[in-house]
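Enquirer: Handing you this structure, nothing more for now.
The values are calculated or read from the model by the stated rules, or taken from the named source; none is laboratory data. In this text the structure is predicted, and so the values were computed from the model without any measurement. Here the Cβ positions follow ideal geometry from the backbone for every residue, glycine too, while neighbour counts run over all protein chains shown. Surface accessibility is based on the protein's heavy atoms, side chains included, excluding ligands, DNA and RNA. Shrake-Rupley method; radii C 1.70, N 1.55, O 1.52, S 1.80 Å.
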Amino acid sequence: MLNLFKPFYPLFFASLKGNPESAHNQALHILHNIQSQRDKTWGRWIIQQLENSFCVNYPHLSQSLWNFNFAHPLGLAPGFDKNAQGAGIWSSFGFSFAELGAVTYHSQEGNPKPRMFRLPADKALLNRMGANNQGAEAIALRLQETWQKQERTIPIGINLCKSKITELNDAKEDYLKSFQVLKAHADYFVINVSSPNTPGLRSLQGGEQLEPILDTLQSHNQGEKPILVKIAPDLENEQIRSIIKVSQQYQLSGLIATNTTIKKEGLHTKILNETGKPITEEAGGISGLPLRQRSTEVIRFIYRETEGKLPIIGVGGIFDTESAWEKITAGATLLQFYSGWVYQGPWIVPDILQGLSQKLEENNLDNLSQAVGIGVNNY
């Protein structure tokens, strides 16, 4: 039934001329209500319709990583479900994993509104949300309630960010508190030191600043949960090398490339209509299609530097099969998207998976794992 709506999605998306953040929150509220009523007849029916429309099975796209089975490489990127409102329903949209957050130990309102903007001419989003979320304790309680009602059917990650009120020198304790509170309720954790919307956060990407955070977390983790670091696309190669070295030193489970970019040159959007200011003067990070090339470059660089031994989750500008295949062949084992899912609609998941299946056949490959990094030597 939902597939009948697919041709009209672009018109529906264009009709959402109101505040993007309000539309986003309304969508999450609806999803949370469906999830919480999944034991009711109408809830079961809606979830079944979602699964009929978006869930497909391609066994040759499955991979095993960190002792988890990923049915395929496509996952939901953080930022969409900050407060775990839809944690139990993302598998019904066809995702093989979902990353929630960013979560901070202290609840925080985030930056002043408006703080989320669509740039349709660029198929991009500009956000300066400021990691608004209800805090680790509240989110842990919601996840506990969710998993009591239903089993986790896909791996769930949590993106951890430093609380704005916490001084940079105290960052390691802040991350640790969030990790301890949420540890039992998720499968992997991501240390976010690359958001441009928390003052000073990106300075923690430096090796000397990152080491105490990882040392503290891994000392308490004792190898129980996979821990990854998410990096910015705006780093120089030497900075990325430093992060790789620290990641290997502290036996991280992988890197995520990349977060949003603060670079706004070259966009088709010149003036942000909501403010009347040049886009280059606007604070915040850009996600979506403008990030495609740079995020792929970073993935390729990490894969080369590590000889493919450090798993990479690729994110940034995935809108179709070609952009997904590009990141996989550059070295990404798993992929995440947010902007592409918003712009293209939820049918992007089965569409890309069908396309990836065809790519494997065209390249005489038996499993997606054989495609990871195969394009690196072409550059």
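Enquirer: Assigning unit charges at the beta carbon (Lys, Arg +1; Asp, Glu -1) and nothing else, what dipole magnitude in debye, to the nearest 20, does the chain show about its Cα centre?
Expert: Using Cβ point charges on Lys, Arg, Asp and Glu, the chain gives about 680 debye.
Enquirer: How would you rank 231-237, 314-320, 283-289, highest first, on the average number of other Cβ atoms within 10 Å across their residues?
Expert: 314-320, 283-289, 231-237
Enquirer: How high is the FRET efficiency from ASP215 to LYS149, r the C-beta distance, R0 35 Å, rounded to 0.05?
Expert: Plugging the Cβ-Cβ distance into 1/(1 + (r/R0)^6) gives 0.45.
Enquirer: What order do you get for 176-184, 47-55 when each peptide is scored by the mean count of other beta carbon atoms within 10 Å, highest first?
Expert: 176-184, 47-55
Enquirer: Apply the Kirkwood formula to segment 104-145: the hydrodynamic radius equals the inverse of the mean of 1/r over all pairs of different alpha-carbon atoms; give it in Å with one decimal.
Expert: Its Kirkwood hydrodynamic radius stands at 11.9 Å.
Enquirer: Would you mind computing Rg(Cα) / (2.2 N^0.38 Å) for segment 140-237, counting N as its residues?
Expert: Against the compact-globule rule of thumb, the ratio is 1.13.
Enquirer: What does the C-alpha gyration tensor say about the overall shape of segment 315-379? Classify as rounded when a/c is under 1.5, otherwise prolate if a/b is larger than b/c, or oblate.
Expert: oblate
Enquirer: Not counting ligands, DNA or RNA, and with a 1.4 Å probe, what is ARG118's accessible surface area in Å² rounded to the nearest 10?
Expert: For ARG118, the solvent-accessible surface is approximately 50 Å².
Enquirer: List, in the order given, every pair from LYS172/LYS230; LYS183/LYS230; LYS123/LYS359; LYS113/LYS183; LYS230/LYS309 whose Cα-Cα distance in the structure shown is over 22 Å.
Expert: Long pairs (Cα-Cα over 22 Å): LYS123/LYS359; LYS113/LYS183.
Enquirer: Considering only protein heavy atoms, with the full assembly of protein chains and a 1.4 angstrom probe, order HIS268, HIS185 by accessible area, largest first.
Expert: HIS268, HIS185
Enquirer: Per residue of segment 63-72, what does 6.51 cos²θ - 1.76 cosθ + 1.60 with θ = phi - 60° give for ³J(HN,Hα)? Whole Hz please, x for Gly and Pro, Karplus curve as stated.
Expert: Those phi angles translate into 9, 10, 8, 6, 6, 10, 9, 9, 4, 6 Hz.
Enquirer: Moving on to the next point. Taking 7 Å along the Cα-to-C-beta vector as the label spot, tell me the LEU141-TRP42 distance in nanometres, rounded to one decimal.
Expert: 2.7
Enquirer: Zone of GLU362 (label point 7 Å along Cα→Cβ, backbone N under 19 Å): which residues in segment 268-296?
Expert: Those under the cut-off are 293.
Enquirer: Cα atoms only: what Rg and Dmax, in Å, come out for the chain?
Expert: For the chain, the Cα radius of gyration and maximum Cα-Cα distance read 19.5, 56 Å.
Enquirer: Next question, about the same structure. Note down the magnitude of the dipole of segment 106-177 about its Cα centre, charges +1 on Lys and Arg C-beta and -1 on Asp and Glu C-beta and zero elsewhere, to the nearest 20 debye.
Expert: The dipole of segment 106-177 has a size of about 360 debye.
Enquirer: Tell me the Rg and the Dmax, in Å, that the Cα atoms of segment 204-332 produce.
Expert: 16.4, 51
Enquirer: Next question. Taking Rh as the Kirkwood radius, which is the inverse of the mean 1/r over Cα pairs, what is the Rg/Rh value for segment 39-123?
Expert: 1.05
Enquirer: Mind giving me the nanometre distance, one decimal, between the label points for GLU265 and HIS106, set 7 Å out from Cα along Cα→Cβ?
Expert: Going by the 7 Å Cα→Cβ label model, 3.7 nm.
Enquirer: On to the next question. Work out the length of the dipole vector of segment 13-118 about its Cα centre, built from +1 on the beta-carbon of each Lys and Arg and -1 on the beta-carbon of each Asp and Glu, and round it to the nearest 20 debye.
Expert: In debye, rounded to 20, segment 13-118 gives about 260.
Enquirer: Given R₀ = 56 Å, what would the calculated FRET efficiency be for ARG304 paired with LYS6, taking r from the Cβ atoms and rounding to 0.05?
Expert: 0.90
Enquirer: Continuing with this model, one more query. Of SER323, ILE313, GLY285, whose Cα points farthest to the positive end of the dipole of segment 279-330 (charges on the beta-carbon: +1 Lys, Arg; -1 Asp, Glu; origin at the Cα centre)?
Expert: ILE313
Enquirer: Going through segment 94-169, which GluC sites (Glu not before Pro) have at most 15 other Cβ atoms within 10 Å and a DSSP loop state?
Expert: GLU109, GLU151, GLU167
Enquirer: A further question follows. Roughly what % of DSSP beta bridges within the chain run antiparallel, to the nearest 5?
Expert: Bridges in the chain that DSSP calls antiparallel: roughly 35 percent.
Enquirer: If LEU272, LEU65, LEU168 are ordered by their accessible area, calculated over protein heavy atoms with a 1.4 Å probe, which sequence runs from highest to lowest?
Expert: Largest to smallest exposure gives the sequence LEU168, LEU65, LEU272.
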